[in-house]
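Here the structure is laid out as structure tokens; the discussion comes afterwards.
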Amino acid sequence: SSVNADDDLENYVLISDSITNPRFNVTGLVAGNEYTLRVRAGANGVFSTRFTETRVIALPPVTELFVSDITDTSVKIHWEAVRGADRYNVQYKLKTDHADGYQIVDEA
């Protein structure tokens, strides 16, 4: 949703006003808390008068990851369900792969 830049300003933490990439990793969130994140654009020292915002819940990490039924071509994995999660992102990479990228195999 879009909100006026002055709405509830004192309750927000300014992360940065000089981010140049339209992607940013917000860190330091506490698992289980609900947050409102908002962003507005700027150019030449002037920012838009409205923010676009979204609400998110910081979920705790998956714990207790288990493997079973290992074959030459597959492996089953399972984990403890995370309260509040409605899907999971599962990734893998080859041990010999030194790249930072992971391949997404399924979003269950």
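Side notes on the structure shown:
- Alpha-carbon centroid distance for the pair the range 14-41 / the range 54-94, whole angstrom: 25
- FRET efficiency estimate (nearest 0.05) - Cβ-Cβ, His78 to Ser48, R0 41 angstrom: 0.35
- Electrostatic dipole magnitude of the range 16-72 [Cβ: Lys, Arg +1; Asp, Glu -1; Cα centre; debye, to 20]: 560
No lab work stands behind these numbers, since they all come straight from the coordinates. Just so it is clear, the structure is predicted and the values come from calculations on it, not from any experiment. Glycine gets a Cβ as well: all are built from the backbone with ideal geometry, and neighbour counts include every protein chain shown.
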